[in-house]
Amino acid sequence: MDARLNLFGNPLAARFLQHINSAGKVLAEAGLPDATQELVKIRASQINGCGFCTDMHTKDAAAAGETPARLNLVAAWREATVFTEAERAALELVEQGTRIADAAGGVTDEAWSAAAKHFDTDQLVALVGLVAVINAYNRLNVIVRQPAGDYRPGMFG
């Protein structure tokens, strides 16, 4: 399978992706735990059907020490006992923030309050920004049908 566009070889795409990557780096340094960041990226990517990002972030998480049990249960986090309350709040927020079109009113006050109990203001900004950034990446990759499976941790930086 070939992508419809070569996002990695087109100069305009490279400039555009550089800006998204810069935003992602700012968010990554905001104090949101690394494991939570990867769980958020994985869950949004699963919801959006983005194989490329699901492949990338599960491999990055595993390389950073995430356990197979937790990675295998991200899609079923509500029934899983392996996530902290803070992670569960983040997963609820990413689901509601990713499925805005499916939910009347967007993110509920309950989901926001649960996240606000576990994360400070900068971490909440990072969490909301991360949901936006990963959804942007998911949409790019799904639209161009970016193939999945060949990602190696660290290959982009």
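Some notes on this structure:
- Entry remark, the stretch 77-96: residues being among the polar types (S, T, N, Q) and assigned to a helix (DSSP H, G or I) number 1 in total.
- Taking first residues from the stretch 146-157 that are farther than 16 Å from residue 3 by Cβ and partners that are part of a loop (DSSP other than H, G, I, E, B) and of a type in the set (Val, Ile, Thr), no Cβ contact under 8 Å between residues at least 6 apart in sequence or on separate chains turns up.
- Residue match in the stretch 42-56 (condition: under 15 Å from the mean Cα position of the chain (by Cα) and without any contact (Cβ under 8 Å) to a residue 40 or more places away in the chain): yes
- For the stretch 72-86, a tally of residues being surrounded by fewer than 20 Cβ atoms within 10 Å (Cβ to Cβ) and under 13 Å from the mean Cα position of the chain (by Cα) returns 1.
- Residue selected from the stretch 93-131 under the condition free of Cβ contacts under 8 Å to residues at least 12 places away in the same chain and within 16 Å of the chain's Cα centre (by Cα), by the criterion surrounded by the fewest Cβ atoms within 10 Å (Cβ to Cβ): 100
- Considering the stretch 132-157, the residues that are touching a Ser or Thr at 6+ places or on another chain (Cβ under 8 Å) and of a type in the set (S, T, N, Q) include one that is surrounded by the most Cβ atoms within 10 Å (Cβ to Cβ), namely 138.
Readers should treat all values here as calculations from the given coordinates under stated rules, not as data from a laboratory. Keep in mind that this is a model prediction, so the values were computed, not measured. Cβ coordinates were reconstructed from backbone atoms using ideal geometry, including for glycine residues, and neighbour counts include every protein chain displayed.
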